[in-house]
Amino acid sequence: MRKTFYLLVCFFIANTVFSQNANPKIKKYVTTNQSSLLAEYVQFVSIPNVTTDTANIRENTIFIQKMLRQHGVMSELLTGTPKMNPVVYAEVKVPGAKKTIAFYAHYDGQPVNPKQWAAGLDPFKPVFIDKPIEAGGKIVSTGMGESVNPEWRMTGRGSADDKAGVMCIINAYAALRATGIKLKHNIKFFFEGEEEAGSVHLDGVFSRHKEKLKADIWIIADGPRHVSG
């Protein structure tokens, strides 16, 4: 039951901040910062993240570390072998905490053929559409400094799987920190760069950094689209 509670709290904060039941401080924070949050997300998704694109993979790690740093969290890059795409790792230690929650997401994405991307859009130039392209959706916003309807959809390779996980985890923590809501548990951030290639080096990372990566529970922010769309 306790593990289930942690899971619900995480996704309550990260994914339902617009609901009427959300903590009013969190809801106000998200509403106030919506434009800047979305602009940051557009920048993030604009960085190509194909697993085998080493140069841009590095740019993704730099961007993630920057996001963490601006919220007071210093990070490091972990590897299991010299040639692997690094894990971006960080932790927040809470005085008196006896439990540790680790959050996982991955920042790499599958290969994409731009010529096959819907409606001639660029997979790494994300825009917002009012409904799915196959249902006649149209571009309604770039998300850069503009107000966005929560019902709109964001295009872009990796915008859901799984840069959404990275973005939600970091900004859920940022919202708690900015609104003065006190943490009761230590937090660990673990953002992998090879999930779409089968996580072939993940075991090596955990073997090499066994003590550092200990946690009471791991929450995986990477999964299928909800049936509601």
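The values are calculated or read from the model by the stated rules, or taken from the named source; none is laboratory data. Just so we're clear, the structure is a prediction, and the values are computed from it rather than from any experiment. Positions of Cβ are generated from backbone atoms using ideal geometry, with glycine treated the same way; all protein chains shown enter the neighbour counts. The accessibility values were calculated without ligands, DNA or RNA, using every heavy atom of the protein model including side chains. Shrake-Rupley method; radii C 1.70, N 1.55, O 1.52, S 1.80 Å.
An ellipsoid equivalent to the chain, defined through the eigenvalues of its Cα gyration tensor, has semi-axes of 28, 24, 15 Å when rounded to whole angstrom and sorted largest first. Run the accessible area of the chain with a 1.4 Å probe and give the carbon-and-sulfur part as a rounded percent. That share works out to 56 percent. The distance from the alpha carbon centre of segment 43-59 to that of segment 178-196 is 21 Å, rounded to a whole number.
Give me the percent of DSSP beta bridges within the chain that run antiparallel, rounded to the nearest 5. Walk me through the numbers on the way to the answer.
On the way: 13 of 25 bridges.
So the antiparallel bridges amount to about 50 percent of the total.
In terms of accessible area, using a 1.4 Å probe and ignoring ligands and nucleic acids, THR81, THR100 rank largest first as THR81, THR100.
Would you mind telling me which residue in ALA175, ALA197, ALA160 has the biggest mean-square fluctuation in a Gaussian network model of the chain, where springs connect alpha carbons within a distance under 10 angstrom? Taking springs between Cα atoms under 10 Å, the residue moving most is ALA197.
Going through the cross-link list LYS115/LYS163; LYS83/LYS184; LYS163/LYS212, which pairs have a Cα-Cα distance over 31 Å in this structure?
Details: LYS115/LYS163 22 Å; LYS83/LYS184 37 Å; LYS163/LYS212 24 Å.
Listed pairs above 31 Å: LYS83/LYS184.
Rounded, prolate or oblate: pick one for segment 111-229, where a ≥ b ≥ c are the square roots of the eigenvalues of its C-alpha gyration tensor, a/c under 1.5 means rounded, and failing that, prolate if a/b is larger than b/c, else oblate.
Numbers: a/c = 2.75, a/b = 1.50, b/c = 1.84.
Oblate shape, in that a/c is at least 1.5 and b/c is the bigger or equal ratio.
The trypsin sites (Lys or Arg not before Pro) of segment 132-219 that DSSP puts in a loop, and whose beta carbon has at most 15 other beta carbons within 10 Å, are LYS138, LYS182, LYS184, LYS210, LYS212, LYS214.
Prolate is the label for segment 22-88, because the ratio a/c of its alpha-carbon gyration tensor axes (a ≥ b ≥ c) is 1.5 or higher and a/b is greater than b/c. Relative to its Kirkwood radius, the Cα radius of gyration of segment 37-152 gives an Rg/Rh of 1.04. Ranking PRO114, TYR173, LEU183 by how far each Cα lies toward the positive end of the dipole of segment 56-185 (charges on Cβ) leaves LEU183 at the top. Here LYS182 is the anchor, and the lysines within straight C-alpha reach of less than 21 Å, apart from those fewer than 8 places off in the same chain, are LYS3, LYS25, LYS27, LYS28, LYS93, LYS98, LYS99. The share of C-alpha pairs in segment 55-121 whose separation exceeds 20 Å stands at 47 percent.
For the chain, the relative contact order comes to 30 percent (Cα pairs under 8 Å, sequence separation of at least 6).
What is the magnitude of the charge dipole of segment 29-155 about its Cα centre, with +1 placed on the Cβ of each Lys and Arg, -1 on the Cβ of each Asp and Glu, and no other charges, expressed in debye to the nearest 20?
On the way: 12 positive and 11 negative charges, 66 e Å.
The calculated dipole for segment 29-155 is roughly 320 debye.
Taking Cβ atoms as reference points and 14 Å as the exclusive limit, the residues near CYS168 contribute a net charge of -3, counting Lys and Arg as +1 and Asp and Glu as -1. Computed over the chain, the per-residue total of -39500 (n - 2.57) for DSSP H runs of n ≥ 4 gives a 222 nm mean residue ellipticity of -10500 deg cm²/dmol, rounded to 500.
Could you give the dipole magnitude of the chain about its Cα centre, charging the beta-carbon of Lys and Arg +1 and that of Asp and Glu -1, in debye to the nearest 20? Please report the intermediate quantities before stating the final value.
On the way: 28 positive and 21 negative charges, 213 e Å.
So the dipole magnitude of the chain works out to roughly 1020 debye.
For segment 120-229, the solvent-accessible area with a 1.4 angstrom probe is 54 square angstrom per residue. Can you work out the base-10 log of I(q)/I(0) for segment 99-154 at q = 0.29 1/Å, using the Debye formula on its C-alpha atoms alone? The computed values of log10 I(q)/I(0) come out as -1.18. If you take all other residues with their beta carbon under 9 Å from the beta carbon of THR179, and give Lys and Arg +1 and Asp and Glu -1, the sum is +3.
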